[in-house]
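What follows is calculated from the coordinates using simple rules that are stated; it is not laboratory data. Remember, it's a predicted structure, so these values are computed and weren't measured experimentally. For neighbour counting, all protein chains shown are included, and Cβ atoms are generated from backbone atoms with ideal geometry for every residue, glycine included.
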Protein chains: 2
Amino acid sequence: SPSSVYVALSEENVALFLQKHVRDVWDLLGARTGVEVEISEVGDGNLNLVFIVKGPKNTVVVKQALPYVRCVGESWPLTLDRAFYEAAALQEEGRHTPRLVPEVYYSNRALALIVMQFVPPPHIILRKALIRGDVLSTLAADLSEFMARNLFFTSSFHLSGPSKREAVAFWSGNHGLCALTEAVVFTEPYCPEVAHNRWTSPALDETVAQFRQDQALKVAVGKLKAKFMDSTEALCHGDLHTGSVMVKEGSTVVIDPEFAFYGPMGFECGALLANFWLNYFSQAGRASDGGGRHEYAEWVLDTSVAIWQEFCAKFLALWTDAATHQGEGFKRVAYAKPEELRAAQKVFVQDLLRDTLGFAGCKMIRRIIGIAHVEDLESIADLQVRAACEKRALKMARTLVVHGVEYASIEAVAALARKV
Amino acid sequence: SPSSVYVALSEENVALFLQKHVRDVWDLLGARTGVEVEISEVGDGNLNLVFIVKGPKNTVVVKQALPYVRCVGESWPLTLDRAFYEAAALQEEGRHTPRLVPEVYYSNRALALIVMQFVPPPHIILRKALIRGDVLSTLAADLSEFMARNLFFTSSFHLSGPSKREAVAFWSGNHGLCALTEAVVFTEPYCPEVAHNRWTSPALDETVAQFRQDQALKVAVGKLKAKFMDSTEALCHGDLHTGSVMVKEGSTVVIDPEFAFYGPMGFECGALLANFWLNYFSQAGRASDGGGRHEYAEWVLDTSVAIWQEFCAKFLALWTDAATHQGEGFKRVAYAKPEELRAAQKVFVQDLLRDTLGFAGCKMIRRIIGIAHVEDLESIADLQVRAACEKRALKMARTLVVHGVEYASIEAVAALARKV
Ligand SMILES: Nc1ncnc2c1ncn2[C@@H]1O[C@H](COP(=O)(O)OP(=O)(O)O)[C@@H](O)[C@H]1O
Ligand SMILES: Nc1ncnc2c1ncn2[C@@H]1O[C@H](COP(=O)(O)OP(=O)(O)O)[C@@H](O)[C@H]1O
Ligand SMILES: [Mg+2]
Ligand SMILES: [Mg+2]
Ligand SMILES: [Mg+2]
Ligand SMILES: [Mg+2]
Ligand SMILES: [Mg+2]
């Protein structure tokens, strides 16, 4: 069995492992002996080990899964096999958006290990960039391209029915990570008996109690969970929050697709927009320029709008082009007239916006009252100020989940964010 | 490779095959030599060989797939592996509704062959029973039970996320048959260039031309096709028309699940209801009692209503019961109050009715203007009379596809059938 071979690497033995077992990568590093290689473990995520391995010529990243949820401990086991799916997802994304993902140099399923391209400074994690207030001129273009191309090319729009179902069969194997999402995003935040739920207390106690009694909200969340479980529209990154994106001005790299699965496209779009909106609400609580950073908050909100709009434009362009719309979905032969295609596209975008808003709402809620929170809000030290931001975010989130279908455009959603 | 072993059996060698290779079945037949066994090939379906094998003690059925679509010929190849999935589906259904499916005695993947329980006379194919005017007192109860139990127990309501995704992975392999449905149900009827489309001509020429120009219809069909391709709610029989059911008074047996796949529950319910409604419209064209058999038509329509109502009642009962609702979908812990469960169930039934009506409409259309027609209508010799029945069916079908969402109850749908 794979797990009998597995051993977690440490800063002490990563270099030796590469020297002995991954000769190509060792040559890339350009070191003669281990002493010429600098190792630092930088995993700031919740789940895995991440080693930066710096040689005289080049630097690489070694990421290894642990057999449990790192931020919880060994009491919450998690399949090692996620590293296999992460490597496969990086490779699949590499085919559609090579510019936007790290290259995989080597992967080892038994060791749950990936050696990949280093994303060098001054790239930082997008969440941190949004917290410190960076303006990034290509961010919306890059993220919309990432989503449009990867979702389109893995969907029924591009694939034949059989190829699509073969892909679904393969990716269904990553069900351990899906189960984690099913629990922490869609269920636990609404369950009083889950001890690891957290929120800004006592300020949010009443809101949390209300959410758990909120029938309309819970039924809508249940429907979205069912869609998460029962829809296989496209290969989703599966964890596309602002902590899974590294940026510097003019460059965007999406990392960490270990949650990759065939799911509803709205889950992918919703996850990303939710994290922009969480940051938007956090800006009002940033003391830096007193009374919040209004102008930067507007940039964050505008960027979320632009991501959606550019995503739609790029996705529809791939659908409109016969060279890329080769799949069984809305098969071209049945929609020969341009106005038929446009009508189908209009309905598609409406439905996807509805799903996107619903999933975005779920994601916002779970980051405020569930197990895993976001630094954007957690870093607001004053609990009253933080709670005020969180309350606005929760209000918007509930509206998106329960009334998302009433929002016909992303501008209307941005207006909602401004006024809640 | 499996296909190198494959050879199609004939009436001449079926007995010898069983005698040599399937000893248990041979013993069941109770024959000492092949001369004591009577063989007849009865395959009236579109795809496969079906041999009735009668021995002195017992009779069994030997069904074997051919490597092409039987009713079209060798020019349309079709995967032999469907027999493997058919056997697996019969076995899965056998776990949930043993009374309602034939038992599998033996199956052989390489030979694409299944030996199963014989459903004896006076059972006949339900389609033929509805054509001749049989009243069957347990039909609605049995078919609603078949659908409710098989859909429920293979869905996220009963299964954990991981088990459900493992099941999806397995059944995704039956993609060749899904591709056939994608083509003949959702695409070809709307494409002038498909030569094997047929309809009652010239009476329906104009309607067919209109349908192919009907933007609202085609976009709605495209959405339903996307749902067929991208939804994995439950293991569906996949070909649940009245030709896949054998009946006698008090007994119902569902055969022929070779199209089994994980798909939207509405596809399953819609397929069955569509075939009742096609029969309903055909009754007005039956000369037997002059002016159509009004009373029997009402029984057919009432039965379709009862199937839906009893299906919902049985499915919701399984959901309400903690002993069967063990799955990740609408996880019980988050819906502890009875009124929360009821609210979730109400939304579920509404959504499922909408899907069911849409898929039913697609199925009705394809049986009148696509490749494969139904005997209910084809047996009406007078083409004007037949076309009049078909026009009403098409009118209802279009309404279901385009306006299905506006029908809040199955009674409203029955009223529509009566008045179109
Ligand atoms: N390819 C890379 N180049 C540079 N830094 C990386 C790379 N991959 C990961 N990191 C760093 O390691 C951190 C954790 O990596 P991540 O893949 O998100 O792990 P986890 O799955 O545990 O969240 C990232 O936030 C980033 O700072
Ligand atoms: N188990 C059975 N018992 C009795 N008759 C059967 C049985 N299975 C099939 N048949 C007969 O053979 C016909 C074709 O079988 P079916 O499984 O529907 O094949 P196909 O996949 O080619 O449509 C049925 O309509 C029925 O008359
Ligand atoms: Mg991460
Ligand atoms: Mg991760
Ligand atoms: Mg059949
Ligand atoms: Mg049985
Ligand atoms: Mg069949």
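Along the axis of the charge dipole computed for the protein assembly as shown (Cβ charges of +1 for Lys and Arg, -1 for Asp and Glu, origin at the Cα centre), the listed residues B:LEU273, A:TYR262, B:VAL385 are led at the positive end by B:VAL385. The H on the amide N of A:TYR68, modeled in the peptide plane, is under 5 Å from the matching H of A:LEU78, each at least 5 residues off or on a different chain.
Which trypsin sites (Lys or Arg not before Pro) in the stretch B:19-85 sit in a loop by DSSP (not H, G, I, E or B) and have at most 14 other Cβ atoms within 10 Å of their own Cβ? Show your work: numbers first, answer last.
On the way: sites: B:LYS20, B:ARG23, B:ARG32, B:LYS54, B:LYS57, B:LYS63, B:ARG70, B:ARG82; in loops: B:ARG32, B:LYS57, B:ARG70.
Passing both the DSSP loop test and the Cβ count: B:ARG32, B:LYS57.
Treating cross-link reach as a plain straight distance, find the lysines whose alpha-carbon is under 25 Å from the alpha-carbon of B:LYS218, omitting any fewer than eight places away in the same chain. Counting by Cα, and skipping residues close in sequence, B:LYS218 has these lysines nearby: A:LYS164, A:LYS227, A:LYS314, A:LYS331, A:LYS337, A:LYS346, B:LYS227, B:LYS363, B:LYS391, B:LYS395, B:LYS419. The residue in chain A that lies nearest, by its beta carbon, to the axis linking chain A with chain B is given here with the distance in whole angstrom as A:ALA169, 2. Between B:GLU233 and B:GLY263, B:MET265, the built amide H atoms are under 5 Å apart, and every one of these is 5 or more places off in sequence or on another chain. So which GluC sites (Glu not before Pro) in the stretch A:165-259 are both in a DSSP loop and have at most 16 other Cβ atoms within 10 Å of their Cβ? Answer in residue order: A:GLU193, A:GLU249.
What's the magnitude of the charge dipole for the stretch A:238-359 around its Cα centre, counting Lys and Arg as +1 and Asp and Glu as -1 at the beta-carbon? Answer in Debye, nearest 20. Mind showing how you got there, number by number?
Values: 10 positive and 16 negative charges, 65 e Å.
Value, rounded to 20: 320 debye.
Relative to the globular-protein estimate of 2.2 N^0.38 Å, the Cα radius of gyration of the stretch B:271-383 stands at 1.43. Estimated from helical segments only, the mean residue ellipticity of chain B at 222 nm is -16500 deg cm²/dmol, where each DSSP H run of four or more residues counts as -39500 (n - 2.57). Derived scalar couplings between HN and Hα for the stretch B:249-261 equal 3, x, 9, 9, 10, 9, 10, 6, x, 5, 8, 3, 7 Hz in order, rounded to whole Hz, by the Karplus curve 6.51 cos²θ - 1.76 cosθ + 1.60 (θ = phi - 60°), x for Gly and Pro.
In this Cβ point-charge picture (+1 for Lys and Arg, -1 for Asp and Glu), the stretch A:167-246 has a dipole of about 100 debye about its Cα centre.
For A:GLU41 and B:PHE118, the FRET efficiency from 1/(1 + (r/R0)^6), where r spans their Cβ atoms and R0 equals 41 Å, is about 0.05.
Taking the Cβ of A:PRO56 as the centre, find all other residues whose Cβ is under 11 Å away and add up their charges (Lys, Arg: +1; Asp, Glu: -1). Local net charge: +1.
Radius of gyration (Cα atoms) of the stretch B:363-420, expressed as a multiple of 2.2 N^0.38 Å: 1.20.
Along the stretch A:57-62 the Karplus relation, 6.51 cos²θ - 1.76 cosθ + 1.60 evaluated at θ = phi - 60°, assigns HN-Hα couplings of 9, 9, 10, 10, 10, 10 Hz to successive residues, with x for each Gly and Pro. When the convex hull of its Cα atoms is viewed from all sides, chain B shows a mean projected area of 21.2 nm². Computed over the stretch B:2-117, the alpha-carbon pair-distance distribution with 10 angstrom bins reads 14, 44, 34, 8, 0, each value a whole percent. Each other copy holds its own label point for A:ALA8; taking that point as 7 Å from Cα along Cα to Cβ, the gaps run 6.1 nm, nearest first.
Summing Lys and Arg as +1 and Asp and Glu as -1 over all other residues whose Cβ lies under 11 Å from the Cβ of B:LEU9 gives a net charge of -2.
The amide H of B:HIS158, built 1.01 Å from its N in the peptide plane, has B:GLY327 as neighbours under 5 Å, considering only residues 5 or more places off or on other chains.
In the assembly of identical copies, A:GLU38 has its label point, taken 7 Å from Cα in the direction of the beta carbon, separated from the corresponding points by 9.0 nm (ascending, one decimal). At q = 0.07, 0.08, 0.10 Å⁻¹, work out log10 I(q)/I(0) for the protein assembly as shown with the Debye formula, treating every Cα as an identical point scatterer and leaving solvent out; two decimals please. Log-scaled intensity ratios, in q order: -0.59, -0.76, -1.11. The mean number of Cβ atoms from other chains found within 10 Å of a Cβ in peptide B:191-202 is 1, as a whole number.
Take each residue of peptide B:254-265, count the partner chain Cβ atoms within 10 Å of its Cβ, and average: the result is 1.
Sequentially through the stretch B:64-79, phi angles give Karplus couplings (6.51, -1.76, 1.60; θ = phi - 60°) of 10, 6, 9, x, 7, 6, 4, 6, 9, x, 5, 5, 10, x, 8, 4 Hz, Gly and Pro residues having no value and appearing as x. Across the identical copies, the 7 Å label point of A:SER379, projected outward along Cα→Cβ, sits 7.5 nm from its counterparts, in ascending order. Global size of the stretch B:323-409: 19.2, 60 Å for Rg and Dmax (C-alpha atoms, Rg to one decimal, Dmax whole). Any idea how far the Cα center of the stretch A:69-147 sits from the one of the stretch A:306-362, in Å? Centre-to-centre (Cα) distance: 26 Å.
Given charges of +1 on the Cβ of Lys and Arg and -1 on the Cβ of Asp and Glu, with all other atoms neutral, how large is the dipole of the stretch B:4-78 about its Cα centre, in debye to the nearest 20?
On the way: 7 positive and 9 negative charges, 43 e Å.
The dipole of the stretch B:4-78 has a size of about 200 debye.
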